[in-house]
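Enquirer: Next up is a structure, given as structure tokens.
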Amino acid sequence: MSPSRLGISTAFLFFVFVIQESVISRIHLPITGFSLYLAVLVCLISLEDGNGAVVMGFIGGLVLDLAPTSQSPFGQWALIFTIIGYLVSTNLESIGDFTAEPMTSVLFISVGSALALSIYLAAGAVLGENIGTFFRALVVIFGNFIWTLLFTPFFLPLIRRARESTLTFRERK
């Protein structure tokens with residue numbers, strides 16, 4: 001991942017985070033809400049190469065940690081998305097098949113977003129945070145999974161085109 005693309009990706013993640021906090025979070029959807037930021041971040045992680053996936057996960061998690069609305073310990077989101085980036089980078093050959101097809105890519109992004117929330121809740125429970133009841137946690141994860149599954153096909157092509165436009169000549173090979 002080139003330094004210029006790292007800066008552009010970080011600025012893009014900040015932009016998506018502002019949209020998430022100012023618009024998407026204020027929309028009340030049935031079951032639970034939708035996290036555009038988690039879906040976009042998992043999408044960007046899945047499109048990166050080995051080291052880029054880990055770096056993108058760390059930067060994306062750091063953006064969530066810097067959020068004023070975050071009630072988790074600093075670094076928790078960065079750790080979670082670094083782990084997800086590592087899992088993606090170590091299984092890149094098998095994941096590459098998933099990201100080539102649009103519908104399997106949407107399913108992968110939805111599962112990745114649900115996995116991120118599951119790891120966040122598990123880490124919160126280990127750290128002694130008040131995460132609510134187990135049933136409510138399952139409802140939040142399931143609701144986010146469903147909304148991510150429904151909304152991802154609308155923005156996935158835009159994310160792919162935006163990412164491809166930031167690739168350098170060397171990275172396109």
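The values are calculated or read from the model by the stated rules, or taken from the named source; none is laboratory data. None of these values were measured; they are calculated from a predicted model. Cβ atoms come from the backbone with ideal geometry, glycine included; neighbour counts cover every protein chain shown.
Enquirer: Among ALA137, ALA125, ALA100, ALA67, which is the only one that is buried (at least 16 other Cβ atoms within 10 Å of the Cβ), at pLDDT below 90 and either touching a helix residue (DSSP H, G or I) at 6+ places or on another chain (Cβ under 8 Å) or of a type in the set (A, V, I, L, M, F, W, C) (or both)?
Expert: Residue meeting the stated conditions: ALA137.
Enquirer: Could you say whether any residue in the stretch 80-87 is free of Cβ contacts under 8 Å to residues at least 12 places away in the same chain, part of a helix (DSSP H, G or I), under 16 Å from the mean Cα position of the chain (by Cα) and closer than 15 Å to ILE45 by Cβ? So that I can check it myself, show each step before the final result.
Expert: Just the residues of the stretch 80-87 that are free of Cβ contacts under 8 Å to residues at least 12 places away in the same chain, to begin with: 87.
Still in the list and also part of a helix (DSSP H, G or I): 87.
Within this subset, residues satisfying the condition of being under 16 Å from the mean Cα position of the chain (by Cα) are 87.
If we keep only those that are closer than 15 Å to ILE45 by Cβ as well, we get 87.
Yes, because at least one residue in the stretch 80-87 is free of Cβ contacts under 8 Å to residues at least 12 places away in the same chain, part of a helix (DSSP H, G or I), under 16 Å from the mean Cα position of the chain (by Cα) and closer than 15 Å to ILE45 by Cβ.
Enquirer: Being polar (S, T, N, Q) and either more than 15 Å from the chain's Cα centre (by Cα) or part of a loop (DSSP other than H, G, I, E, B) (or both) is the filter here; which residues of the stretch 17-38 pass it?
Expert: SER22, SER25, THR32, SER35
Enquirer: Could you grab me the full set of residues in the stretch 47-61 that are out of contact with any Phe, Trp or Tyr (no Cβ under 6 Å at 6 or more places or on another chain) and small (Gly, Ala, Ser)?
Expert: Result: GLY50, GLY52, ALA53.
Enquirer: Mind telling me which of the residues LEU6, LEU41, LEU36 ends up being touching a residue at least 24 places away in the same chain (Cβ under 8 Å) and either closer than 20 Å to LEU87 by Cβ or aromatic (Phe, Trp, Tyr) (or both)?
Expert: Numbers: LEU6 fails: either closer than 20 Å to LEU87 by Cβ or aromatic (Phe, Trp, Tyr) (or both); LEU36 fails: either closer than 20 Å to LEU87 by Cβ or aromatic (Phe, Trp, Tyr) (or both).
None of the other options fit; the residue is LEU41.
Enquirer: Keeping to the stretch 140-159, report how many residues are in contact with a Pro (Cβ under 9 Å, 6 or more places away or on another chain), exposed (fewer than 14 other Cβ atoms within 10 Å of the Cβ) and farther than 15 Å from VAL42 by Cβ.
Expert: Counting residues in the stretch 140-159 that are in contact with a Pro (Cβ under 9 Å, 6 or more places away or on another chain), exposed (fewer than 14 other Cβ atoms within 10 Å of the Cβ) and farther than 15 Å from VAL42 by Cβ gives 1.
Enquirer: Now for a different question. More than 22 Å from MET1 (Cβ to Cβ), touching a Ser or Thr at 6+ places or on another chain (Cβ under 6 Å) and in a helix (DSSP H, G or I), is that true of GLY143? Step through it out loud before you land on a result.
Expert: Details: more than 22 Å from MET1 (Cβ to Cβ): yes; touching a Ser or Thr at 6+ places or on another chain (Cβ under 6 Å): yes; in a helix (DSSP H, G or I): yes.
Considered against the rule, which asks whether it is more than 22 Å from MET1 (Cβ to Cβ), touching a Ser or Thr at 6+ places or on another chain (Cβ under 6 Å) and in a helix (DSSP H, G or I), GLY143 comes out as yes.
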